[in-house]
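> I have a structure I would like to understand better, so I am pasting it below and will then ask my questions one at a time.
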Amino acid sequence: MLIRRVNVEEAATLTEIALAAKRHWNYPERWIELWREDLTITPEFIERHEVFVAIQQNKPIGFYALVISGGRTELDHLWVLPERIGKGIGRRLLAHALDRAAALNVATIEIVSDPNAESFYLKAGAVRIGEVFSIIEGQKRLLPRLAIDIPNTGDIPK
């Protein structure tokens, strides 16, 4: 598997990966549509942020985005195609994100996680630092807010 910086021409493909991965959790399709804007990756987003894609057999299978703004760094996206979930792709992408953050002298990455993905991040060394309140179709949702301190490059879990 190769992880490389994304090209702006790949924006639509990344959006398809994000939507497919979100559907993996069996959310109602109407919720997916309500989240579509947040899950859409634009060429402008790619130009402004640290966005990397995992490629296997010449096919994009997952990606992540680090957003650095106002002295904070957030893992804004980390998505893997549903058929590749559980095969180590997410761990490799997260390790790459931690390496990239270290190279950028970032001390901590924050994450607002889907509740279904929280255990993935906790296993990778994240800690819960709070919650983000959200409402969708009148239903209250509490999204875990997590943080991962950036270890020295040799200490990053693989």
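The values are calculated or read from the model by the stated rules, or taken from the named source; none is laboratory data. Worth saying up front: this structure is predicted, and the values here are computed from it rather than measured. Note that we place each Cβ from the backbone using ideal geometry, even for glycine, and neighbour counts take in every protein chain shown.
> Pairs, please: C-beta under 9 Å, at least 6 apart or cross-chain, first residue more than 20 Å from V80 (Cβ to Cβ) and in the stretch 21-42, second β-branched (V, I, T) and surrounded by 14 or more Cβ atoms within 10 Å (Cβ to Cβ)?
Close Cβ pairs (under 9 Å, with a partner that is β-branched (V, I, T) and surrounded by 14 or more Cβ atoms within 10 Å (Cβ to Cβ)) amount to T42/T15.
> Among residues belonging to the stretch 108-139 that are in a loop (DSSP other than H, G, I, E, B) and touching a residue at least 60 places away in the same chain (Cβ under 8 Å), point out the one that is surrounded by the most Cβ atoms within 10 Å (Cβ to Cβ).
D114
Okay, residues lined up against (1) under 17 Å from R4 (Cα atoms); (2) of a type in the set (F, W, Y); (3) not in a loop (DSSP other than H, G, I, E, B):
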{"residue": "I41", "(1), (2), (3)": "yes, no, no"}
{"residue": "I68", "(1), (2), (3)": "no, no, yes"}
{"residue": "R91", "(1), (2), (3)": "yes, no, yes"}
{"residue": "A95", "(1), (2), (3)": "yes, no, yes"}
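> In addition: Of the numbered conditions (1) surrounded by 15 or more Cβ atoms within 10 Å (Cβ to Cβ); (2) under 21 Å from R145 (Cα atoms); (3) within 13 Å of the chain's Cα centre (by Cα), I68 satisfies every one except a single condition; which is it?
With (1) surrounded by 15 or more Cβ atoms within 10 Å (Cβ to Cβ); (2) under 21 Å from R145 (Cα atoms); (3) within 13 Å of the chain's Cα centre (by Cα) applied to I68, the lone miss is (3).
> Scanning for something closer than 19 Å to L104 by Cβ and among the small types (G, A, S), does the stretch 75-86 turn up at least one residue?
The answer is no; no qualifying residue exists.
> All but one of (1) modelled with pLDDT under 95; (2) crowded, with 20+ Cβ neighbours inside 10 Å hold for N105, so report the exception by its number.
(2)
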